[in-house]
Amino acid sequence: MRCVEFLWVGNHPGVDLCNTVPNIGGETVELLAEPDDLRRWLAAVHPAPCLGEQRPNLATLTWVRRLRQVLRAVLTAGADRDDELAALNLVLGELSGVPFIDGLGKLELRSTNPQEQIRLWVASLAVDACQLPQDRVRCCANPRCVLVFHDVSKSGSRRWHDMATCGNQAKAAAHHARIKAEHANQR
């Protein structure tokens, strides 16, 4: 069993689903490589509806990966995202569930099929992420970074998924460029 460390930088679990395919050391890394990776990710995101003995199978993992791909397209499309939403709706349309009102009056879709229920849980995260303000969901400004985040800053001007990594790298690169330009001008 391999241990996977997930990235929780998106400020929303649906956005963080998109971040399960990061670029690490210049290579794309699939953090949902096995059905058990999806189980661990869901357990971290959804502790309340405990999966118990339910374990995602390969078909569910494959479906979640397709959902992740179209969700990322929707979240990063900008204002004109009709085509991306249509693609997302096609993937969501493969699901079937029974409407259920929980004790708090919240509508949920439920299924007696464990694999379908797992898909419904992940789908609810994707739908919820699509309701975030479009101008506050963005890709990290580092061109080598593929992570997406929901900007929850007061000013709404966040550019990096994380200031400690991508933000500092950009500031250091700009500093080195300024110093290099100053040295070139002094010659």
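Every number here is computed from the coordinates shown, using simple stated rules; none is lab data. Quick caveat, the model's predicted, so the values are computed rather than measured. Positions of Cβ are backbone-derived with ideal geometry, glycine not excepted, and every protein chain shown enters the neighbour counts.
Could you compute the net charge surrounding LEU120? Neighbours are other residues with a C-beta less than 14 Å from the C-beta of LEU120; K and R count +1, D and E count -1.
Numbers: positive: LYS106, ARG110, ARG119; negative: GLU94, ASP102, GLU108, GLU116, ASP128.
Around LEU120, the charge tally is -2.
Between GLN54 and residues 5 or more places away or on another chain, which pairs have amide H atoms under 5 Å apart, with H built 1.01 Å from N, and which residues are they?
none
With a cut-off of 8 Å between alpha carbons and a minimum separation of six or more residues, what is the relative contact order of the range 58-129 in percent? It would help to have the intermediate numbers written out before the result.
Details: 55 pairs, mean separation 22.4, N = 72.
It comes to 31 percent, rounded to a whole number.
Put a dot 7 Å past each Cα toward the Cβ at ALA43 and VAL98; how far apart are the dots in nm?
About 2.8 nm, to one decimal.
Provide the gained length on full extension for the span ASP128 to ASN113, in nm with one decimal, where the gain is 0.36 nm per separating residue minus the Cα-Cα distance. Present the calculation step by step, with values, prior to reporting the outcome.
On the way: separation 15, 0.36 × 15 = 5.40 nm, distance 2.24 nm.
Extending this stretch completely gives an extra 3.2 nm.
Given H placed 1.01 Å from N in the peptide plane, which residues other than close sequence neighbours of VAL146 have an amide H under 5 Å from its amide H?
Those qualifying (amide H under 5 Å, at least 5 residues apart or on another chain) are ASN23.
Take VAL152 and GLU30, extend 7 Å from each Cα along the Cα→Cβ direction, and tell me the distance between the two endpoints in nm.
Result for the modelled spin labels: 3.1 nm.
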